[in-house]
Amino acid sequence: MIVIIIGISISLYAGKRLEDRKEEQAQLRILENLQQALANDTVKLSVERDFLQRCSELFQGIQTGDVVANPDSAATHLGMMLVYTTSEVNTTTYEEMKFSSGFGLIENKELLQQIIDHYQSSLLLLTEYNSIDKHFILNRMIPFFENNFTLYSSPTLPEVGSRDEIEKLYNNPQFKNLLQTNLIFKINTVAILNAYIASADSLITAIQKEIKERS
């Protein structure tokens with residue numbers, strides 16, 4: 001009887017050890033995948049942020065009359081006014097965690113909360129704001145250009161005769177209001193992207209530390 005009990009105990013212990021090992025491997029896989037996704041996102045979003053920053057600088061040039069003074073650059077400047085970003089983020093690993101036992105596998109509950117906060121707070125803010133900006137460009141900026149500036153789609157605007165139309169557009173109060181609103185959107189988007197990238201970098205550091213401690 002004692003031998004049987006010992007045998008069962010050893011079997012249960014071995015089974016538990018094997019299960020723990022599988023869960024540990026699954027946890028490391030999740031963390032490694034999440035770290036890689038975050039790293040890829042930060043690179044992509046940093047490029048997008050820098051581009052939007054350049055757009056903001058061009059908008060400010062339009063406000064100071066740069067387009068009127070240099071009509072040759074009008075196509076570049078005005079074309080930037082129709083830019084918006086989707087800022088697509090890879091949430092595959094996080095979604096797998098939500099709809100499987102992934103959350104339960106993360107033993108470090110402080111790290112788990114940081115992961116949840118990143119995707120449910122930082123990402124939500126970025127996604128919602130981009131949606132507003134996209135709506136503004138598609139439903140207000142583009143229709144305005146189509147109705148008020150027939151040459152805006154030209155690849156270049158070097159003709160002297162186009163200066164009058166550019167000046168007319170620049171002096172349109174609605175254009176100035178749209179330009180200012182667009183500038184505010186872009187500046188805010190850059191700020192939100194910076195906050196998201198900082199959150200992702202902080203999370204990457206925390207994940208790297210956790211992986212190192214468990215390896």
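Only a single criterion out of (1) of a type in the set (Val, Ile, Thr); (2) in a helix (DSSP H, G or I); (3) under 22 Å from Ser202 (Cα atoms) is not satisfied by Ile142, namely (3).
Here are some residues: Glu165, Glu159, Glu213. Which one is among the acidic types (Asp, Glu), at pLDDT below 90 and in contact with a Ser or Thr (Cβ under 9 Å, 6 or more places away or on another chain)? From the options Glu165, Glu159, Glu213, the qualifying one is Glu165.
Yes/no per residue for (1) over 20 Å from Thr86 (Cα atoms); (2) touching a residue at least 24 places away in the same chain (Cβ under 8 Å); (3) basic (Lys, Arg):
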| residue | (1), (2), (3) |
| --- | --- |
| Asn172 | yes, yes, no |
| Leu183 | no, yes, no |
| Ile192 | no, yes, no |
| Ile197 | no, yes, no |
| Ser202 | yes, yes, no |
| Arg214 | yes, yes, yes |
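The helices (runs of 4 or more DSSP H) falling completely within segment 67-132 that include 3 or more residues that are within 20 Å of Gln36 (Cα to Cα) and at pLDDT 90 or above map to 109-117.
Pairs linking a residue in segment 74-103 that is over 20 Å from Glu57 (Cα atoms) to a residue that is modelled with pLDDT under 85 and of a type in the set (Phe, Trp, Tyr), with Cβ atoms under 9 Å and 6 or more positions apart or on different chains, are Met97/Phe103.
The values are calculated or read from the model by the stated rules, or taken from the named source; none is laboratory data. Because the structure is predicted, anything quoted here is derived from the model rather than measured. We place every Cβ from the backbone using ideal geometry, glycine too, and count neighbours over all the protein chains shown.
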